[in-house]
2 protein chains.
Amino acid sequence: MSVPSWQQRPEDFANRITQSLKWIVQHMQQSGERSPWSALTPGELASRIPLTAPTTPEPLEDVLADLRDVIAPGLVRWDAPGWFAWFPSNSHPDAILGDLLASVMAQQGMLWTSSPACTELESRMLEWLRRSLGLCDRFAEGGAGGGVIQDTASSGVLACLVAARDRTTSGLASTRGGDACSGLVAYTSEQAHSSVLKAAGICGIGRDNLRLVPTDDQFRMDVRSLSRMMQDDVAAGLRPCFCCATVGTTGCGAIDPVSQIGQVCQKHDVWLHVDAAWAGTAAIASECREPITSGCELADSWSFNPHKWMGASFDCCCLWVADQRPLIDAMSIDPEYLRNSATGTGEVIDYRDWHVQLGRRFRAIKLWLLLRCTGAAAIAEMVEFHVELARSVEAAVNAHDCLVLAAPRSLSLLCIQHIDGDLATQSLLDTVNADGRFAVTHCKLDGLLVMRIAIGALNTDQATVDALIQVMTEASQ
Amino acid sequence: MSVPSWQQRPEDFANRITQSLKWIVQHMQQSGERSPWSALTPGELASRIPLTAPTTPEPLEDVLADLRDVIAPGLVRWDAPGWFAWFPSNSHPDAILGDLLASVMAQQGMLWTSSPACTELESRMLEWLRRSLGLCDRFAEGGAGGGVIQDTASSGVLACLVAARDRTTSGLASTRGGDACSGLVAYTSEQAHSSVLKAAGICGIGRDNLRLVPTDDQFRMDVRSLSRMMQDDVAAGLRPCFCCATVGTTGCGAIDPVSQIGQVCQKHDVWLHVDAAWAGTAAIASECREPITSGCELADSWSFNPHKWMGASFDCCCLWVADQRPLIDAMSIDPEYLRNSATGTGEVIDYRDWHVQLGRRFRAIKLWLLLRCTGAAAIAEMVEFHVELARSVEAAVNAHDCLVLAAPRSLSLLCIQHIDGDLATQSLLDTVNADGRFAVTHCKLDGLLVMRIAIGALNTDQATVDALIQVMTEASQ
């Protein structure tokens, strides 16, 4: 029996997946064969794609050929062994398989009723990760708090900032807006991620009212400054509502003193959010855990991105809150067309009330596959191995006459400078990126240029790091 | 050579995909075998999953067995032929394959430099869809406007509302916040999606300052009321900044008169956003297009969700803006660690500046696979077929003594009532849902209960719709 033009038989779908596996395997095998950066110039890829969609279907082999010839040159190989740029964004094979299953199951988990599996597996996966990372019990499943998957840390911090804003204003910021947001102040360090600033602009608090707290000589938030700023703000009649501490800053991986920050926040009834987007994964390795989870018992919310170092495949940000109520109060909507008996009982979680979006993908399944098929121990071994690789780079820098660390090594992240200043550091950056095996990016610390080496790609190895050390040291004379 | 515990050889990954295909094919084949709703009670699924993650890896066959025995009973079969609840959320096999490729390629498209392929293919896919839907040239690629993929329509409307808010306040709402948001007013109809209200609460305008414009006897925004409300607000010294028109409301699929609304908005320099989340797909069928795209030349932004009817697999919302500038002004952040030469030239799109999130998945690839391998014509045929199915339900309702349409059929969406009132309609809803082949949900129109029949699942067919008609008519005596 023929199927309609818009349908596909499951067995035909399976054949098409099989047909694509050859390209997939080849693509994976080639991860280190060219520069991780794309050599294309702006517009080059687009110029090779027609302006109009095809009307009639094209054979899959043609599309796979274009994938190789047209799309692949425009890819950046975030999966290369020499990927040391920004932070890793790993797609572990088990997570890829899990996400394929999510697409096949096509759940839309806005409500418990719209997918009990998506809802309950998500709560449980957050509990698995909470225990694996050693996060405190106030975030546990089944208590006053709990966990949720956000797409990205940016969405997570926005949701928490709005919840905090509403908690301080008894909800008036959400209902009345405008004046009800007046005088609200939020805090984060000078080294915090730009998403905090973006969220402050979006939510009506205003970017000008996000205080950028100075940092100490290791780029950690200076708690005395924070305390003084809050006191001054309160004295001026302003209303501190939110503070974001960073565990592993984007620049150099600095870890803010969360416990001390938490004490200051408690004094002023300020919501403490911990952004451990990158470094959070490392808590799965017991030797790395302590500074990462330290103080989490004082946090109102805590988040990290398994789609970075852990390999859960973009996008997947895990967020825990100590108390569901303020988040749900801020994000809940209850139109007639979404009412149902399960929600009515109050016994189930409806995750649409935990973030900006209404609809939601079954992201928990990729965590489930990753944690069951690869296992927490292997992820911990990976973290330890990457930290060990970073130690070898650190040793090489320390042994070199012209290279210095601009900040202490943080886990597997290094910030390297040439002692001759920015021009020499830029030249080093250019040389490393031009080599063809590596991708590195920069930041500035104390106003000076820094080459960041963020070790964490799934397939990186000692040989690649040794080659990096060689190029780096030879280029820095 | 053995690989480290956290890695997987590409050929082993391919084998594991192959091993999973049997489950996948079986799962797909069983889409109509049980009630689309899950029979589980709250907590039942979670009780079958351990509280702690496994430390060591488990065999894939064990996980696939649990997928069948533990997870599958908690799935809601959004892919069932009898899925008529809410709106469809289709995962077309070609889109599933495309999303698998996205996971494998592991791009993070925050910047052009971080993935030229992700960036340029996305712009081009939005252009393909713009042309396929017949949207106006001001949204075209390469002009002052352009398109972007948001995760969901909720994120899209939030981004546009913030851009509108900032346009009206010359950016002060983002920088100063608080008072700078005072007096801002936004508009949408009483029938609009709850995401507009949620966004108004999030962005500092305040839910109370979202005017819910009354609707006419067909549940379309009443333009004279809108005009009067805006005039009154201006006269009262308030600042109208944003209006959301809906093309295909969630309740009954009503299509607001966008052209007339646009004229009112222009008079007061108000940003007009069009939310065509569900109905937008139907514009790909020329016979359905006119009311859907009508007036789009007056809109500042226009969005629809290919992850609904079109089958692009959750999540994928397409958003076009007539002018990039206000959106970028509102969403742009420019930290040192993201600076790069391509961005510096101003010649490339950095999509991180087009939404709340920073990181982004390579979602364009699933649209590319879907449009190339299935083709726009087949999607149009599907839409026309579903509309035809809805006509058969409409005819049955019209021929029935006890059933009436509470609103005119909109494309493939029907709102059905029993003439004896809510109790009888509820009984009808319960009977249809209890049958085991169908899933339907409800809404209220003019305060009365309505059974919604949203036809649009990829695999629905005449036989299933005939069975629905039979159950429905027999139950309504």
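Brief remarks follow.
- Relative exposure of B:H400, B:H442, judged by other C-beta atoms within 10 Å (fewest first): B:H400, B:H442
- Relative contact order (%) - criterion: Cα under 8 Å, at least six apart; region: chain B: 22 percent
- Segment A:D137..A:E190, full-extension length gain: 16.1 nm, with 0.36 nm per residue of separation and the alpha-carbon distance subtracted.
- Alpha carbon centroid spacing (whole Å) that separates segment A:420-445 from segment A:370-409: 19 Å
- Shape category assigned to segment B:321-393 from the gyration tensor of Cα positions, a/c cut at 1.5: prolate
- Dipole magnitude for the protein assembly as shown: about 600 debye, using +1 per Lys or Arg Cβ and -1 per Asp or Glu Cβ, origin at the Cα centre.
- Cleavage-rule hits (chymotrypsin sites (Phe, Trp or Tyr not before Pro)) in segment A:316-376: DSSP loop, at most 12 neighbouring Cβ within 10 angstrom: none
- Annotation for A:D69 and A:T52: the two label points, set 7 Å from Cα along the Cα-Cβ direction, are 2.2 nm apart.
- Approximating the spin labels as points 7 Å out from Cα along Cα→Cβ, the B:T345-to-B:A463 distance works out to 5.7 nm.
- Kirkwood Rh and Cα Rg combined as Rg over Rh, evaluated for segment A:99-373: 0.96
- C-alpha center-to-center spacing [segment A:78-123, segment B:122-165] in angstrom: 26 Å
- Residues of segment A:389-410 with an amide N closer than 16 Å to a point placed 7 Å from the Cα of A:T431 along the Cα-to-Cβ direction: A:396-405.
- Volume per residue that the Cα convex hull of segment B:376-475 spans, once the total is divided by residue count, Å³: 89 Å³
- Among B:N398, B:M382, B:T425 - extreme Cα towards positive end, dipole of segment B:376-475, charges at beta-carbon: B:M382
- Size of the protein assembly as shown as Cα extents on the principal axes (Å, biggest first): 91, 66, 53
- Peptide-level mean, for A:13-23, of C-beta atoms on other protein chains within 10 Å: 6
- With a cut-off of 10 Å between beta carbons, the residues surrounding A:A282 carry a summed charge of -1, where Lys and Arg count +1 and Asp and Glu -1.
- Dipole of chain A, positive end: most advanced residue of A:G134, A:P36, A:Q266 [Cβ charges, Cα centre]: A:Q266
- Exposed GluC sites (Glu not before Pro) absent - longest run of chain A, DSSP non-H/G/I/E/B, at most 15 other C-beta within 10 Å: A:191-346
- On the rotation that sends chain B to chain A, the chain B Cβ lying closest to the axis gives residue and distance in whole Å as B:G204, 1.
- Neighbouring partner chain Cβ atoms per residue of A:35-45, average, 10 Å criterion: 4
- Each of B:P54, B:T281, B:V348 was scored by the projection of its Cα onto the charge dipole of chain B, and the greatest displacement toward the positive side belongs to B:V348; charges sit on the C-beta of Lys, Arg, Asp and Glu.
- Distances between copies at B:E11, taken between label points 7 Å from Cα along the C-beta direction, are 2.9 nm in increasing order.
- Each Cα pair under 8 Å and six or more residues apart adds its sequence gap; the mean of these over the residue count of segment A:115-221 is a relative contact order of 19 percent.
- From the alpha carbon centroid of segment A:18-67 to that of segment B:217-256 is 45 Å.
- Förster-model FRET efficiency, 41 Å R0, B:K444 and A:V234, C-beta, rounded to 0.05: 0.30
- Convex hull of Cα atoms in chain B, direction-averaged projection (nm²): 25.6 nm²
- Separation in nanometres of the label points that stand 7 Å from Cα toward Cβ, at A:V404 and B:Q266: 6.3 nm
- Across the identical copies, the 7 Å label point of B:S332, projected outward along Cα→Cβ, sits 4.0 nm from its counterparts, in ascending order.
- Dipole magnitude for chain A: computed about the Cα centre from +1 point charges on Lys and Arg Cβ and -1 point charges on Asp and Glu Cβ, it is near 700 debye.
- Ranking of B:C402, B:C203, B:C241, B:C288 by count of other Cβ atoms within 10 Å, fewest first: B:C402, B:C288, B:C241, B:C203
- For A:L75, the residues whose amide H sits under 5 Å from its own are B:A117, ignoring neighbours fewer than 5 places away on the same chain, with H placed 1.01 Å from N.
- Reciprocal mean inverse distance between Cα atoms of segment B:245-347 - Kirkwood radius, Å: 15.5 Å
- Summing charges over all other residues whose Cβ lies under 13 Å from the Cβ of A:T460, with Lys and Arg as +1 and Asp and Glu as -1, gives -2.
- For segment B:376-475, the Cβ-based charge dipole about the Cα centre amounts to some 220 debye (Lys, Arg positive; Asp, Glu negative; other atoms uncharged).
- Percent antiparallel among DSSP beta bridges (both partners in the protein assembly as shown, rounded to 5): 60 percent
- In this assembly of identical copies, the label point of A:D466 (Cα plus 7 Å along Cα-to-Cβ) is separated from its counterparts by 7.2 nm, sorted shortest first.
- Per-residue Karplus couplings for segment B:294-307, computed as 6.51 cos²θ - 1.76 cosθ + 1.60 with θ equal to phi - 60°, are listed in order as 3, x, 5, 5, 9, 8, 7, 8, 8, 9, 8, 10, x, 6 Hz, Gly and Pro entered as x.
- In terms of other Cβ atoms within 10 Å, B:K444, B:K267, A:K198 run from fewest to most in the order B:K267, B:K444, A:K198.
Taken together, the values in this text are just the output of simple stated rules run on the coordinates, not laboratory data. If you're wondering where the values come from, they're calculated on a predicted model, not measured in any experiment. Quick reminder, even Gly has a Cβ in these numbers, built from the backbone with ideal geometry, and neighbours come from all protein chains shown.
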